[in-house]
């Protein structure tokens, strides 16, 4: 039976000059294909005028994008997905970044790209939201960051 | 060996590069340093080096030499190492990489780690990009974690299970027990991911769907609590409690309620409640309303609820936020067929959206407008749509013009209005009109007998203004050629007849022949029109002169015509009047896409010019070669097969379908071909008094036969003699399907021995519907000048229940009357 495949295929963050700042792929594609998609999509989104809506059809996907300051946040969702809630997902991610970095700007994402990924991976998993509470996501990141300070994570046998 | 530079240091340095070349040099230098560091098996700085590599990878540089290093990091006991290692794995080690599977053991260990954040990393990596094999190996671990009481892990395990199921659907069953009390969780993260998991399972398996229907009351309760509960700071978004969870529950309810009366009833109240109580001032509230509307429309909701949903969409259309308007139009487009009257109430708002600035909104508004056109509103709607056609972007014009033609054909209040509308389209968007509109329009005009004079007059006047728009010029030329006598005799009733002489008309037509603006096709029309006027005008000598001049035209097509027309004047003058007679009323065809007809007998048919469009023989020749191989290679003539129109046939209602598959800007979406009532196009080339050649009843007394009957597919042949050529047998195949599934992508091919010639026309559709609910028909014309015994080899390909089927068969049992 034809089933609705409801999930996000990928998320891209890029600057107004088209420089990639983050790429999260939830479908297996070759490097070549990823580069091609990125190039074409970035071009398409950058060509959009401010008066246009945040959604566009591209190949057989729906693209939801929103610009925050100098960064474009761009998600590809499947045809049956709810575009409006995807906008909320994007917004939630920005809020998380903002809380973590304190008034986040593009430079934060550039110089701490690995953190941006860690935060994204605590919020989404396989293209779906795993945690809907802002507080819980940030708490988890905080705890994980603390763990980085610890030398070893395996407790010696006499402490287990 | 100095310590490798830090990540941020590298980023800073690279950003100082002023040119691409400078950047590349820095990158190469750093990569070399990293490579030697890797070679030295440096544990301390491996993490730093891989992080740098990942940064350079994002800039577009190759990083594959870091793959194994990621594996080493994952295996390390330091959390920092693991964090970067897993990130690297997700970026560099997807399932296409050879070393992907080497991760499996590490992930397995980490899934059982004593620290939940390590387990989390493993679950995340597996759930984002684990290959099928890896999923198979580790599904058991995921299932275990799905039952843990640790909500941090449980929620991740749920989404990981979703990924496993997507990759290896057969494993779905093993997760069933663990789903037992997922919904009793209080933790929203677990709830959300559980609903996602349940949704995935229900979508993939009808059995699961039936099994989980019993959860509807519980889901309704959870949703109700979310709406009724007071402010919860943890999950609040602009005054709404956990919109993500609400949307997900609504979606699951949609799937559970679809087609099921009881479930639909059980959720009726909560849907009404959400629809009326949700705050609409912000996007988040509208997101929930949108999902609610989608659910209401999909389940078996009572009519009051459906009207409520459509009204929400109507309100969306008035929203300032263009995103909201966009989703409203998209949804209305989906519901316009089923809830037509309710959508009609919002027609004026929809029409207003034609003036929107956003291209996607305009397109949807256009499609929706066409879907809403009916006999009552045709005049008003057409005014708006023609205005839109005037001012819209070129990318819309072709679709809009086609839509206008279709709507006009269906609902024209009068013939005059119809012609006027066509004229308006041709004059304002004439160059964007599709090529296939030209023959359709010609047919329309021919059949509007009382409007001939008016039409030719208006077209003539349009030509005087502008000869640049080819479709307009072609239709006009054809009409003038056909009805030129009415033009010069000033017989028009509908409006003031114009005074024009034969010479003036010929001037115009000759002008088309010489103009640089005219395409070769247009010139062909013009020349033929001039020729036809030789039996309608008195100035035959002038026409003879023009025709003879073009006998030496460089354009081969024109030259051929001119030579043939010349021959008509010289040797066959007695036949000329009959050949150039007024066209008869053409049989109305289903408004398909173009059905190109290939001539195999090479006769010049001067009066039917439109078939001279070079038909695109798009069927690849390798198919013909396949059949050649089958029949032993040497004694077979390749079949010239015409293509199935990929646009769905709308012989009656589906304007929406025709425009629907043109709307996706991502390229043509192959719309499923709907089966068309089996009226074949009138065979225009075959003599001028041709009655429709094709009917399901065998003519000329030749008994029908069954050519093929296997696996539920039955193909019957019915026969007819072609008139006037008795050497041509016309066979109509009727394909029917007695199984319980449709046969799609159905293609019929045939090959005959060398002494025969075979021509296949377009099939009626490429779907043979299940349980004999309809037939696919296709016409074969076989030329058999040597009167040899007819035999044929046929090849059938189709898709049935998801798999491709192919079969070959010999047909030898032709009745003797079909070839003697």
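Read-outs: derived from the displayed coordinates by stated rules, not from any lab. What you see is a predicted model; the values in this text were computed from it and never measured. Here the Cβ is made from the backbone with ideal geometry for all residues, glycine too, and neighbour counts use every protein chain on show.
Compute the relative contact order of chain B as a whole-number percentage, counting only Cα pairs closer than 8 Å that sit 6 or more residues apart in sequence.
Numbers: 1210 pairs, mean separation 39.7, N = 820.
Averaging sequence separation for qualifying contacts and normalising by length gives 5 percent for chain B.
Indicate, rounded to the nearest 5 percent, the antiparallel portion of the DSSP beta bridges found entirely in the protein assembly as shown. Intermediate results must be reported in sequence, preceding the final value.
On the way: 72 of 74 bridges.
The answer is about 95 percent antiparallel.
With everything on Cα atoms, drop me the angle between helix A:134-149 and the longest principal axis of chain A, reported from 0 to 90° to the nearest 10.
50 degrees
Kindly put B:318, B:487 in sequence by how many other C-beta atoms sit within 10 Å of each C-beta, fewest to most.
Values: B:318 12, B:487 28.
Arranged by neighbour count, lowest to highest, B:318, B:487 become B:318, B:487.
Ranked highest first by the average count of other Cβ atoms within 10 Å around their residues, in what order do B:45-56, B:354-365 fall?
Highest-to-lowest ranking by the protection proxy: B:45-56, B:354-365.
Which whole number of Å³ per residue matches the convex hull of the alpha-carbon atoms in region B:327-400? Could you put the intermediate results ahead of the total?
On the way: hull volume 6.2 nm³, N = 74.
Hull volume over Cα atoms, normalised by residue count, gives 84 Å³.
Given the rule -39500 (n - 2.57) for each run of at least 4 DSSP H residues, summed and divided by the residues of chain A, what is its mean residue ellipticity at 222 nm, to the nearest 500 deg cm²/dmol?
On the way: 5 runs with 68 residues, N = 160.
So the helix-based figure for chain A works out to -13500 deg cm²/dmol.
Give, in whole angstrom and from largest to smallest, the semi-axes √(5λ) of the equivalent ellipsoid of chain A, with λ running over the eigenvalues of the Cα gyration tensor.
30, 19, 16
Rounded to whole Å, give me the distance from the Cα center of region B:206-226 to that of region B:35-66.
So the separation of the two Cα centres works out to 49 Å.
Relative to the first principal axis of the alpha-carbon coordinates of chain B, what is the inclination of helix B:79-92, with its axis defined by its Cα atoms, in degrees from 0 to 90 and to the nearest 10?
10 degrees
Using Cβ counts within 10 Å as a stand-in for footprinting exposure, how do A:8, B:586 rank, fewest first? Present the calculation step by step, with values, prior to reporting the outcome.
Details: A:8 22, B:586 18.
Sorted ascending by nearby Cβ count, the order is B:586, A:8.
Rg to Rh ratio, region B:88-204, alpha-carbon atoms and Kirkwood radius? Write out the running numbers ahead of the final one.
Values: Rg = 13.4 Å, Rh = 14.0 Å.
Radius of gyration over Kirkwood radius for region B:88-204 works out to 0.95.
Picking from A:139, A:115, A:24, which is most flexible by a Gaussian network model of chain A using Cα springs under 10 Å?
A:139
What is the average number of partner chain Cβ atoms found within 10 Å of a Cβ in A:52-61?
Working: counts 9, 13, 5, 8, 6, 9, 4, 4, 4, 1.
Going residue by residue through A:52-61 and averaging, the value is 6.
Principal axis extents for region A:4-73, Cα atoms only, whole Å, descending order, please.
Reported extents, whole Å, longest axis first: 32, 27, 17.
Over region B:1-106, with a single point scatterer placed on each C-alpha, what log10 of the ratio I(q)/I(0) does the Debye formula yield at q = 0.14, 0.18, 0.23 1/Å?
-0.52, -0.84, -1.27
Looking only at Cα atoms, what is the convex hull volume of chain B per residue, in Å³? Don't skip to the end; give the middle numbers.
Working: hull volume 194.2 nm³, N = 820.
Spelled out: Cα convex hull of chain B, divided by residues, is 237 Å³.
If packing is taken as the average count of other Cβ atoms within 10 Å, what order do A:60-66, A:13-19 fall into, highest mean first? If you can, show how the numbers build up before the last one.
Details: A:60-66: 20.0, A:13-19: 15.6.
Ranking the peptides A:60-66, A:13-19 by packing returns A:60-66, A:13-19.
Quick check on the exposure proxy: order B:353, B:124 from fewest to most C-beta atoms within 10 angstrom. The partial results should precede the final answer.
Working: B:353 21, B:124 24.
The most exposed by this proxy come first: B:353, B:124.
Report the far tail of the P(r) of the protein assembly as shown, meaning the percent of Cα-Cα pairs longer than 54 Å. Mind showing how you got there, number by number?
Values: 154899 of 479710 pairs.
So the pairs more than 54 Å apart make up 32 percent of the total in the protein assembly as shown.
Over all directions, how big on average is the projection of the convex hull of the alpha-carbon atoms in region B:703-816, in square nanometres? It would help to have the intermediate numbers written out before the result.
On the way: hull surface 27.1 nm².
With every direction weighted equally, the projected area is 6.8 nm².
Rg over Rh of region B:135-231, using C-alpha atoms and the Kirkwood radius, what does it come to?
On the way: Rg = 13.4 Å, Rh = 13.7 Å.
Radius of gyration relative to Kirkwood radius: 0.98.
How shielded is A:117-124 by partner chains, expressed as the average number of their Cβ atoms within 10 Å of its Cβ atoms?
On the way: counts 7, 6, 0, 1, 11, 5, 0, 3.
Mean partner-chain Cβ count within 10 Å for A:117-124: 4.
Would you mind telling me which residue in A:146, A:96, A:56 has the biggest mean-square fluctuation in a Gaussian network model of chain A, where springs connect alpha carbons within a distance under 10 angstrom?
Of the options given, A:146 has the highest mean-square fluctuation.
Quick check: from the Cα gyration tensor, does region B:341-451 come out rounded (a/c under 1.5), prolate or oblate?
oblate
With bins 5 Å wide starting at 0, give me the P(r) of region B:434-578 over every alpha carbon pair, in whole percents.
Values per bin, smallest distances first: 2, 10, 21, 22, 21, 15, 7, 2, 0.
What's the angle, to the nearest 10 degrees (0 to 90), between helix B:132-146's Cα axis and the longest principal axis of chain B?
50 degrees
What number, rounded to the nearest 500 deg cm²/dmol, is the helix-based mean residue ellipticity at 222 nm of chain B, given -39500 (n - 2.57) per DSSP H run of at least four residues and division by all its residues?
Computed mean residue ellipticity for chain B: -16500 deg cm²/dmol.
How well do other chains shield peptide A:77-89, expressed as the mean number of their Cβ atoms within 10 Å of each residue Cβ?
Going residue by residue through A:77-89 and averaging, the value is 5.
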